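Here's the structure, in structure tokens; my notes come after.
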Amino acid sequence: MQRTFAIIKPDAVKKGVSGQILARIEGAGFTVRGMRMIHMSKGEAEGFYHVHSARPFFGGLTDFMSSGPCVVLCLEAPDAIKQWRDLMGATDPAKAEAGTMRKDFGASIDNNATHGSDAPETAAFELGYFFRGMEL
Ligand code: GDP
């Protein structure tokens, strides 16, 4: 079993598709080990995305992530990191495959509905950023 970190981003919460995304997550065989709705501050979003701090889209990305509530999740499954990345689809919804979260619920590369850790080290940092050990 492996754990990964996921976010239902502010655009998807605002559109009212959190329930549909959760149903797809559970339907795909993930166990939800942690779940909370939060509204990140700009500083919390900057800390979460610190690896992108030098990128030109950093300001817009952290504005967006702190623009409204989102749902943070700890998902568990065999090979969870890759399985969730595959289910999310490509970063740009226009390039994502049919049936993926980003194709079906994302509007643009900025408003792409979901987040998922991309490696075990990233998952460890991201899970620890939002969840206390006792919660999981
Ligand atoms: P992810 O792992 O697929 O979410 O992609 P990254 O970790 O590379 O980027 C984090 C988030 O920043 C993505 O989900 C996008 O919303 C945004 N992003 C990434 N690359 C770009 C880009 O080239 N332009 C813009 N505007 N946003 C981007």
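The values are calculated or read from the model by the stated rules, or taken from the named source; none is laboratory data. Being a predicted model, the structure only gives us computed values, none of them experimental. All Cβ positions, even for glycine, are placed from backbone atoms using ideal geometry, and neighbour counts span all protein chains on display. Calculation scope for accessible area: heavy atoms of the full protein, side chains included, ligands and nucleic acids excluded. Shrake-Rupley method; radii C 1.70, N 1.55, O 1.52, S 1.80 Å.
Post the alpha-carbon centroid distance, the stretch 1-56 to the stretch 61-133, in whole angstrom.
Rounded to whole Å, the Cα centres lie 6 Å apart.
Name the residue, out of ARG55, ARG36, ARG24, whose mean-square fluctuation peaks in a Gaussian network model built on the chain with Cα pairs under 10 Å.
Per the Cα network of the chain with a 10 Å cutoff, ARG55 tops the list.
Residue by residue through the stretch 100-113, what is 3J(HN,Hα) from phi via Karplus (6.51 cos²θ - 1.76 cosθ + 1.60, θ = phi - 60°)? Round to whole Hz and write x for glycine and proline.
For the stretch 100-113, the Karplus curve yields 8, 4, 6, 5, 7, 10, x, 10, 6, 5, 7, 10, 10, 6 Hz.
Of the residues ALA90, ALA12, ALA119, which exhibits the maximal mean-square fluctuation in a Gaussian network model of the chain defined by a 10 Å Cα contact cut-off?
ALA119
Divide by every residue of the chain the summed helix terms, -39500 (n - 2.57) for each DSSP H run of at least 4, and state the resulting mean residue ellipticity at 222 nm, rounded to the nearest 500 deg cm²/dmol.
-11000 deg cm²/dmol
Per residue, how much accessible surface does the chain expose to a 1.4 Å probe? Answer in Å², no decimals.
Here the residues of the chain average 50 Å² of exposed surface.
Can you give the accessible area of HIS50, probe radius 1.4 Å, in Å² rounded to 10?
About 90 Å², rounded to the nearest 10.
Using a 1.4 Å probe and counting only protein heavy atoms, arrange TYR129, TYR49 so the residue with the most accessible area comes first.
TYR129, TYR49
Of the residues LYS42, LYS15, LYS82, which exhibits the maximal mean-square fluctuation in a Gaussian network model of the chain defined by a 10 Å Cα contact cut-off?
Taking springs between Cα atoms under 10 Å, the residue moving most is LYS15.
Round to a whole number: what % of the accessible area of the chain belongs to carbon and sulfur, probe 1.4 Å?
Looking at the chain in its full context, I get 54 percent from C and S.
Report, ordered by chain and residue number, the aspartates and glutamates lying within cross-link reach of LYS103, taken as a straight Cα distance under 15 Å and ignoring same-chain residues fewer than 8 apart.
ASP11, ASP86, ASP92
Please report the base-10 log of the normalised intensity I(q)/I(0) for the stretch 2-131, using a Debye sum with one equal scatterer per alpha carbon and no solvent, at each q in 0.15, 0.17, 0.21 (1/Å).
Result of the Debye calculation: -0.64, -0.85, -1.38.
Can you compute the modelled spin-label distance between LEU136 and MET1, with each label point 7 Å from Cα toward Cβ, in nm?
Here the answer is 1.2 nm between the modelled labels.
Treat each spin label as a single point 7 Å out from the Cα along the C-beta direction, and report the ALA94 to ILE109 distance in nm.
0.9
Which of the residue pairs LYS15/LYS82; LYS42/LYS82; LYS9/LYS82 have a Cα-Cα distance greater than 23 Å in the structure shown?
From the list (LYS15/LYS82; LYS42/LYS82; LYS9/LYS82), the Cα-Cα distance tops 23 Å for LYS15/LYS82; LYS42/LYS82.
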